[in-house]
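The values are calculated or read from the model by the stated rules, or taken from the named source; none is laboratory data. In this text, all values refer to a predicted model and were calculated from it rather than measured experimentally. Ideal geometry is used to build each Cβ from the backbone, glycine not excepted, and the neighbour counts take in all protein chains shown.
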Amino acid sequence: MTDRLEVAVVRWPGGSRVVGEGLSALLAAYHLRTEAEKGEPVADVGGLPDRYRAEIADPGTAFDGDVVLVAVQGDAAVGCVVVTFLADGQSEIKRLWTDPGFRGRGVASALLGVALAHVAESGVNIVRLSVWEWRTPAIALYERLGFTVARSWDERDRLVCMQRAV
């Protein structure tokens, strides 16, 4: 593997079957890692809550109406992010995930750049996200992109809510 990583960000659905299968694998890894980090590890996807299993099994239905971006390198899906549009004219970024083998190479930054450009083109004024407080590298990335900590809209402990103007 070379040090230089060329990543294409594609909107899903679209691209090849590999992208769709890769998206499901990325979502599975995201949810399994998150449950483990919360101290509630599960052995496999079957142990995840129903709503997470539904995302993995059928992202097209789970994210219908949302914008799903997948970063690919060659024939591998290496990262993903979901952009939702809320009823109050805001947008939310969620499920940002980079395959651990590709971290530190700009995948998350590329995904967020495309996501923020899409939000700006959509006329939304505020974009928000939530992140677990122990994910300090993600928080640092969000801060570099202009996100600041906001009053929480989520009741879960240890969840940091952030937002920025578009």
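When the residues of region 86-97 are filtered to those that are surrounded by fewer than 16 Cβ atoms within 10 Å (Cβ to Cβ) and among the hydrophobic types (A, V, I, L, M, F, W, C), the one that is nearest to GLN163 (Cα to Cα) is LEU86. For region 119-144, the tally of residues that are buried (at least 16 other Cβ atoms within 10 Å of the Cβ) and touching a strand residue (DSSP E or B) at 6+ places or on another chain (Cβ under 7 Å) stands at 12. Of the residues making up region 127-166, those that are assigned to a loop (DSSP other than H, G, I, E, B), modelled with pLDDT of 95 or more and either closer than 21 Å to VAL67 by Cβ or charged (D, E, K, R) (or both) number 5.
For the structure I just gave you, tell me whether LEU27 is modelled with pLDDT of 95 or more, touching a Pro at 6+ places or on another chain (Cβ under 7 Å) and not basic (Lys, Arg). Judged against the criteria, LEU27 is a match. Of all the residues in region 73-126, those that are closer than 23 Å to TYR52 by Cα, part of a strand (DSSP E or B) and of a type outside the set (D, E, K, R) number 15. Filtering region 116-166 to residues that are hydrophobic (A, V, I, L, M, F, W, C), under 17 Å from the mean Cα position of the chain (by Cα) and more than 19 Å from HIS31 (Cα to Cα) leaves LEU116, ALA117, VAL119, VAL127, ALA140, LEU141, LEU145, PHE147, MET162.
Within region 152-162, is there a residue that is surrounded by fewer than 17 Cβ atoms within 10 Å (Cβ to Cβ), β-branched (Val, Ile, Thr) and out of contact with any Leu (no Cβ under 8 Å at 6 or more places or on another chain)? No - not one qualifying residue is present in region 152-162. Against the test of being modelled with pLDDT under 90, out of contact with any Leu (no Cβ under 9 Å at 6 or more places or on another chain) and of a type outside the set (Gly, Ala, Ser), the options VAL18, VAL67 yield a single qualifying residue, VAL18. If you filter region 98-115 down to residues that are touching a residue at least 40 places away in the same chain (Cβ under 8 Å) and in contact with a Ser or Thr (Cβ under 9 Å, 6 or more places away or on another chain), you find that the one that is surrounded by the fewest Cβ atoms within 10 Å (Cβ to Cβ) is ARG105. Scan region 48-72 residue by residue and report those that are part of a helix (DSSP H, G or I) and either buried (at least 20 other Cβ atoms within 10 Å of the Cβ) or touching a helix residue (DSSP H, G or I) at 6+ places or on another chain (Cβ under 9 Å) (or both). Of everything in region 48-72, those that are part of a helix (DSSP H, G or I) and either buried (at least 20 other Cβ atoms within 10 Å of the Cβ) or touching a helix residue (DSSP H, G or I) at 6+ places or on another chain (Cβ under 9 Å) (or both) turn out to be ARG51, TYR52, ARG53, ALA54, GLU55, ILE56, ALA57, PRO59, GLY60, THR61, ALA62. Of the candidates VAL124, VAL160, the single residue that is in contact with a Phe, Trp or Tyr (Cβ under 8 Å, 6 or more places away or on another chain) and in contact (Cβ under 8 Å) with a residue 40 or more places away in the chain is VAL124.
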